[in-house]
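Colleague: This is the structure I want to talk about, given as structure tokens.
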Amino acid sequence: MKNQESWKPSKFVYRKEKLIASRDPLEVSIGSRLITDIIAEHYDLYIKKYVRGKLLDLGCGKVPLFEAYKDYITENICIDRENSLYNNEYLDLNCDLTQNLLFKDEEFDTIILSDVLEHIYNPEHLLKEISRILAKEGKLLMNVPFYYWLHDEPLDYFRYTEFALQYLIESAKLKVVVLKPIGGAPEILADIIAKNILSFPKTGKLLASSTLWMASIFLKTNFGKKLSKATAKKFPLGYFLIAEKT
């Protein structure tokens, strides 16, 4: 990664040794804090277990996960598509993620693909390229949204079910290690309400923040946890996936 010494946290930050969504609205919109908190929780858990060696942060934006994985790797290469909204001083390379990736076979021990696959119009090709450049026993860590609003239009192409993800991963000759829904019906409702009331004149920000705060309190209760878990299978807010090259 270029200019590591000047890197600053963006989308994700550590608070009390826990990775969470940034509370800076310029980095994470108030309406997106809930899903970003959930994504952060999963990366915080699984990076410690699976990340190692030479890492490719693919579609990296501002490299928001750098602080989470930096102590577990030997090197990180950061690439993003040309004309990305997040072009910055940390990128090693701009390239078209829909074309062949400019790396050697089995070059990387770990690949991060966070909030990227829904923006790729030919996901099969990208995942086959990931499989090609991933070392044996190397890991792919990724997440995608499901019940989530359109974003970065017009480059928002797909929402994937768990069955589509399983198919795509296996078609790329990778093995699914972890595939789990993140968030259920309570999270979806809170996310939709917060995003839609955020634009209300004067009170929107307060109402959205209050909605997500109440949702977070509810989700810490036993009933809230059970409801989220019980509904996540049919009503996932998104998915978190880890795949391995065997």
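FYI, it's all coordinate maths here, none of it is from the lab. Model, not experiment: these values are computed from the prediction. Neighbour counts are summed over all protein chains in view; Cβ atoms, including those assigned to glycine, are modelled from backbone coordinates with ideal geometry.
Colleague: For the chain, what does -39500 (n - 2.57) per DSSP helix run (n ≥ 4), summed and divided by total residues, give at 222 nm, in deg cm²/dmol to the nearest 500?
Modeller: -10500 deg cm²/dmol
Colleague: Using the beta-carbon distance between Ser216 and Ser29 and R0 = 22 Å, what value does 1/(1 + (r/R0)^6) give for FRET efficiency, to the nearest 0.05?
Modeller: Details: r = 16 Å, r/R0 = 0.73.
About 0.85, to the nearest 0.05.
Colleague: GluC sites (Glu not before Pro), restricted to region 65-140: which are DSSP loop and have at most 16 other Cβ atoms within 10 Å? The partial results should precede the final answer.
Modeller: Working: sites: Glu67, Glu75, Glu82, Glu89, Glu106, Glu107, Glu118, Glu124, Glu129, Glu137; in loops: Glu82, Glu89, Glu106, Glu107.
Sites meeting the loop and neighbour criteria: Glu82, Glu89, Glu106, Glu107.
Colleague: Moving on to the next point. Only four residue types carry charge here, +1 at the Cβ of Lys and Arg and -1 at the Cβ of Asp and Glu. Report the dipole size of the chain about the Cα centre in Debye, rounded to the nearest 20.
Modeller: Taking the Cα centre of the chain as origin, the dipole is about 1160 debye.
Colleague: Follow-up question, since we're still on this one. At 7 Å along Cα-to-Cβ for each site, give me the label-to-label distance between Tyr14 and Asp156 in nm.
Modeller: With each label point 7 Å from Cα toward Cβ, the separation is 3.2 nm.
Colleague: Checking the a/c ratio against 1.5 first, then a/b against b/c, what shape does the Cα gyration tensor give for region 1-98?
Modeller: Values: a/c = 1.71, a/b = 1.17, b/c = 1.46.
Oblate, because a/c is 1.5 or more while a/b does not exceed b/c.
Colleague: Is there a quick way to get the dipole size of region 116-246? I mean about its Cα centre, with the Cβ of Lys and Arg at +1 and of Asp and Glu at -1; what is the value in debye to the nearest 20?
Modeller: Values: 18 positive and 12 negative charges, 113 e Å.
Value, rounded to 20: 540 debye.
Colleague: Using a Gaussian network model of the chain with C-alpha springs under 10 Å, which one of Lys128, Lys229, Lys18 is most mobile by mean-square fluctuation?
Modeller: Lys18
Colleague: Charges at C-beta only: +1 for Lys and Arg, -1 for Asp and Glu. How large is the resulting dipole of region 141-181 about its Cα centre, in Debye rounded to 20?
Modeller: Approximately 280 debye in magnitude.
Colleague: Another one. Answer with a single label: of (i) 13.1; (ii) 14.2; (iii) 12.2, which was calculated as mean projected area of the Cα convex hull in nm² from the structure in view?
Modeller: Computed from these coordinates, mean projected area of the Cα convex hull in nm² corresponds to label (i).
Colleague: Once a ≥ b ≥ c are taken as the square roots of the eigenvalues of the Cα gyration tensor of region 44-163, is the result rounded (a/c under 1.5), prolate (a/b larger than b/c) or oblate (a/b not larger than b/c)?
Modeller: On the way: a/c = 1.36, a/b = 1.33, b/c = 1.03.
Here region 44-163 falls in the rounded category.
Colleague: Same structure again: How big is the gap, in Å, between the Cα center of region 127-177 and the Cα center of region 1-37?
Modeller: Cα centroid of region 127-177 versus Cα centroid of region 1-37: 23 Å apart.
Colleague: If you don't mind, another one. So for the pair Phe163, Leu189, with labels modelled 7 Å out along Cα→Cβ, what separation do we get in nm?
Modeller: Roughly 2.7 nm, to one decimal.
Colleague: Have a look at Val177, Tyr160, Ile133 and report the one farthest towards the positive end of the charge dipole of region 65-182, computed about the Cα centre with Cβ charges (Lys/Arg +1, Asp/Glu -1).
Modeller: The one lying farthest along the dipole's positive direction is Val177.
Colleague: What is the gain in length, in nm to one decimal, between Glu107 and Glu89 on full extension, counting 0.36 nm per residue of separation less the C-alpha to C-alpha distance?
Modeller: 4.1 nm
Colleague: While we're on this one: With unit charges on the beta carbon (Lys/Arg positive, Asp/Glu negative), name the residue among Leu56, Ile77, Tyr46 whose Cα is farthest towards the positive pole of the charge dipole of region 1-83.
Modeller: My answer, from the dipole projection, is Tyr46.
Colleague: Can you find, among Leu207, Ala190, Ala230, the residue sitting farthest towards the positive end of the charge dipole of region 182-246, where Lys and Arg contribute +1 and Asp and Glu -1 at Cβ?
Modeller: The residue sitting farthest along the positive end of the dipole is Ala230.
Colleague: At what distance in nm do the modelled label points of Lys234 and Lys49 sit from each other, each positioned 7 Å from its Cα along Cα→Cβ?
Modeller: About 2.8 nm separates the two model spin labels.
Colleague: Okay, next question. How would region 116-212 be classified by its alpha-carbon gyration tensor: rounded, prolate or oblate, with rounded meaning a/c under 1.5 and the a/b versus b/c comparison settling the rest?
Modeller: Prolate is the answer for region 116-212, as a/c is 1.5 or above and a/b outweighs b/c.
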